[in-house]
Amino acid sequence: MRGGAMPLLMLPMAVLMALFFGAFAVFGFVSFLQPASGMPGYQGPLGLSNYLRFLTDPAALAILGETIVFAIVVTLASILLGYPLAYIMARSPYRVVRSLLLGALVLTFLSGSINRAYGWLILLGRRGVVNDALLALGLVDRPVALVYNWTGVFIALLHFTLPYFALTVFGSIRSVPVQVEEAARDLGAGPLSTFFRITVPITVPAIISGAALVFSLAISAFAFPLLLGGGRVRLISNYIYDQLFVAFNLPFAAASSTIFLVVAIATLCAFFWLEGAVTRRRAAKRGAA
Amino acid sequence: MMQSILRKSASALAVAAFGLVSAFAGPAAAADKAITVQAWGTTWEQGLQEVADGFEKETGIHVVPVTQSGSSDGLARLQSMADAPKIDVWFSTSSLAARATADRKLFAPIPADKLSNAKDLIDGARMDAYVAAYYYPLSIIYRPSLVKKPIAGWKDLWDPAFKDSLATPDVETYAGRMLLVAALLNGGSIDNVEPGFKAWKELRPNIAMFYGSDSDSRRALAQGEVTVLVGPPSQAAPLRTDGVDVAVLSPKPAPVMFDVMTLVNTPKQDMALKFIDYVLSPKAQEIISTKIDMGPVNKSVKPSPALAAVLPAVADQVSFDEAKVNADIGTWNERFKAEIAR
C-alpha cells in the first residue's frame, strides 16, 4: 500500500473510535458532577465525591469483589472444561466426534444469549428436565433449586463463555504438529505426560488469551444475573443499572462504571502481561537451546 | 408496568439507536397529522392500539407507538432527546412521572380546561403535569391447583407451607409497594418502613424469586416454578387465555397505583392533549378495562365484571405520597439488595 492513502483509509475508523470514546468521555466527565436533587440529571460543582462514596461503601466494594471472584471462578471452570473439549475436537481420531462437537459448539455460539437463558430456565427449573431426572434416579427427595440463584447464573454463564474459550484454544492445539506429540511418545512419554508436558505448555498463550476473553465476558455479565438470578444475584453491571434507573443518580452510576472499567482493564492488562511473559520465556529458552 | 428484561438489557443501545434513527428520519418522514406516543409494548398490544385506532377514526390524527421496556428506560430515551423531543405523550408509572415532570423544560402542564373528561375523573387521577390512564392494585395471583388451601389475605403468604413458592416484586418494581404493604401489615407506615423490612426478611424462605419484569414472573407462575405471585390483576388475563388456572384477590391493605400520561413539551401539544383526553373518554376507558384488565379512571365507566370481582373495595385501598416514595426508593433499594435479596 502506498503511504499517501493511509491517512484517508484510517479516517472512518478514527471517526468511529472518536465517537465511541467521546461518548464515554462525556460519561466520565459526568462522574465528577453531582446529582440534581429530586430528579434525573446532574449539576455542578466538580468533585471526587462519587468516587469517594463508592470506594468507602462496603456494600459497593463487596459487589465489585464478588463480581471479580465470580468472573475468576467462571474463567477457571471454562479452562477446566473447555481445554479437554478443544483437545478432543482437535485430536480425536474419529471425524464424526470432531465434527459433532465443533458443530454443537458453533451452534451454541450462534444462538442468542437470551434464548439460552430462557432455555436454561426451562431445563433447570423445579419442574424441568434436570430435576425430573434427579428425582427419577432417586438422587434427591424434592426438586433442587438450580435457578433463581448463583448456581443458575453460573451454569448459564459458563455455557455462554465455553465456546469462546474452546474455539480460541482449538486453533492453537490444531497448530501444534502431531509429530511433536508423536516424538514425545517415541521418547517414552505416556499419553498423560505428553499432554501435560508438551501440548498444554505449547498452547499456554492461547489459554491465557481465551481466559482473558472469558474473564471480560463474565465480569460484565448483565442479562444472565437478571434473568436467572431471581433478584438475588447482583453483579457490578446490575449495580450500575440500579444507580441509573432506580436511584436516578447518573453521576454516581458514571463513577461506578469508571471504577469498574479501570479494574477490568487492569485485570486484562495482567492477563496480557502474563501472556507476554510466557511467550518471552519460551523464546529465551529456545534461544538458549 | 414492567416488560421483558431482555429489552431492558438492550435499553441503553435502544436509546442510542433511537436518537440516531430519529436524527436521520427528521420531520419530513412524520406526517403532519400524527403524534408519537411512548408506552409499554404489552399494554399497547393489549388495548392501547385499539384506543389509538378509535382516536384516529374520530380525529384523523395518526398515533405512532414507540415502546419502552420500563418507564425508566422510556424516561432515559426522552432525556436523550431533551432539546427536540420526538415523543409527544409518554406513559409512565405515577411515581416516576412525579419525579420526571419536575423538569418543566421537557414536560408541559396539562390544563384541566383542555380535557373535556377532567370532571369525570376519580380522585387523585389528575395532577398538574400528568393524568392517570387507569389504576391497578397490587394483588395476589395464585394457582389454586398447586396450593394446599385457598389464600385469604396477605398474612397467609408467611405460612411455611408456601416455602420456595412465591414471586414478589423487587423494590424498583411497583415502586416499593411490596415493602410498604409489609410495613402496613405490621404497624409501620411510609415514614417507618422498619417493620416492613423485618417482615419481608421473615418471608424470605418462602420467596423463590424477586422479579423485575412482569413477563418473567408470569412465566414462572405459568410453569409452576412459583405458585403465588404478588402483582397487578392484569397478570392473570394472559394466563387464563392460555388455559392456566389462576385466582386473584386484592386483600387489605391494597396499594392502588396509577399509570399516567405526561405531555411532552413539543410543537404538537394540541394534538397530544386531544389524545390524552380521548384516553380518558368512556369509550377508551371501556377498552382499557376489558382488554388490559386495568381499573377505569372515568367515573362513568364501570369496570368489566371480571375485573370488578378482583378490584379491592374502596375501604381496603391505600395510596402513598409519591414524593416520599421517590425520596427514599434509592435507599430502600440498596437496603433491600443488601439484606433481603441475597
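Tabulated values for the structure
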read-out: Relative contact order, percent, the stretch B:222-333 [alpha-carbon distance under 8 Å, six or more residues apart]; value: 30 percent
read-out: Mean separation of Cα contacts under 8 Å (6+ apart) over length of chain B, as relative contact order %; value: 25 percent
read-out: Candidate lysines - alpha carbon under 22 Å from residue A:285, same-chain residues fewer than 8 apart omitted; value: none
read-out: R0 of 30 Å, Cβ-Cβ distance residue A:145-residue B:152: FRET efficiency to nearest 0.05; value: 0.60
read-out: Test item: B:327-338 mean partner chain Cβ contacts at 10 Å; value: 4
read-out: Over the protein assembly as shown - Rg/Rh using Cα atoms and the Kirkwood inverse-distance radius; value: 1.02
read-out: The stretch B:287-342-the stretch A:214-289 distance, computed between alpha-carbon centres (Å); value: 38 Å
read-out: Estimated inter-spin distance, residue B:33 and residue A:80, nm [label 7 Å along Cα→Cβ]; value: 6.9 nm
read-out: Anchor residue B:201: lysines whose Cα lies under 19 Å away (excluding residues fewer than 8 positions away in-chain); value: B:155, B:163, B:337
read-out: Peptides ranked, highest mean first, by Cβ atoms within 10 Å: ranges A:164-171, A:99-106, A:136-143; value: A:164-171, A:99-106, A:136-143
read-out: Percent carbon-and-sulfur accessible area, the stretch A:28-119, ignoring ligands, DNA and RNA, probe 1.4 Å; value: 76 percent
read-out: Pairwise centroid distance, computed over Cα atoms, of the stretch B:99-155 with the stretch A:43-109, Å; value: 42 Å
read-out: Cβ-derived FRET efficiency at R0 56 Å, residue A:279 paired with residue A:135, nearest 0.05; value: 0.65
read-out: Only Lys, Arg (+1) and Asp, Glu (-1) charged, at Cβ; the stretch B:214-270 dipole about Cα centre in debye; value: 120 debye
read-out: Burial order of peptide ranges A:78-90, B:45-57 (average beta-carbon count within 10 Å, highest first); value: A:78-90, B:45-57
read-out: Reach of residue B:283 by Cα under 14 Å, taken over aspartates and glutamates that are not fewer than 8 positions away in the same chain; value: B:50, B:53, B:56, B:58, B:120
read-out: Test item: Cα-centred dipole of chain A, Lys/Arg +1 and Asp/Glu -1 on Cβ, debye; value: 660 debye
read-out: Global geometry of the stretch B:24-140, whether rounded, prolate or oblate, following the gyration tensor of its Cα atoms and the 1.5 cut on a/c; value: rounded
read-out: Options B:142, B:111, B:183, ranked by Cα towards positive dipole end of the stretch B:45-189, top entry (Cβ charges); value: B:183
read-out: Taking chain A and dividing mean pair separation by its residue count, relative contact order in percent (alpha carbons under 8 Å, at least six apart); value: 27 percent
read-out: Positive-pole candidate from A:151, B:247, A:237, dipole of the protein assembly as shown, charges at beta carbon; value: A:151
read-out: Solvent exposure of the stretch A:54-288 as accessible area per residue, Å², 1.4 Å probe; value: 47 Å²
read-out: Computed magnitude of the charge dipole of the protein assembly as shown (debye, nearest 20; Cβ of K, R +1, Cβ of D, E -1); value: 1920 debye
read-out: Signed unit charges on C-beta, dipole axis of chain A, positive-most listed residue A:125, A:261, A:170; value: A:170
read-out: Segments B:297-309, A:210-222 sorted - mean Cβ within 10 Å per residue, highest first; value: A:210-222, B:297-309
read-out: Simple spin-label estimate for residue B:302 and residue A:92 in nanometres, 7 Å along Cα-Cβ; value: 6.8 nm
read-out: Share, in percent, of DSSP beta bridges within the protein assembly as shown that are antiparallel, nearest 5; value: 60 percent
read-out: The stretch A:54-288 shape via C-alpha gyration tensor axes, a/c threshold 1.5; value: oblate
read-out: Percent accessible area from carbon and sulfur atoms, chain B, protein chains only, probe 1.4 Å; value: 57 percent
read-out: Modelled FRET efficiency - R0 45 Å, residue B:119 with residue A:122, Cβ distances, 0.05 increments; value: 0.30
read-out: Protein accessible surface hidden between A and B, which excludes ligands and nucleic acids, total in Å², probe 1.4 Å; value: 3000 Å²
read-out: Exceeding the 19 Å Cα-Cα cut-off - candidates B:119/B:302; B:252/B:291; B:105/B:268; B:33/B:268; value: B:252/B:291
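The values are calculated or read from the model by the stated rules, or taken from the named source; none is laboratory data. Note that the coordinates shown come from a computational prediction; the quantities given were computed from them, not determined experimentally. Positions of Cβ are backbone-derived with ideal geometry, glycine not excepted, and every protein chain shown enters the neighbour counts. Heads up: the accessible areas ignore ligands, DNA and RNA and are worked out on the full protein's heavy atoms, side chains in. Shrake-Rupley method; radii C 1.70, N 1.55, O 1.52, S 1.80 Å.
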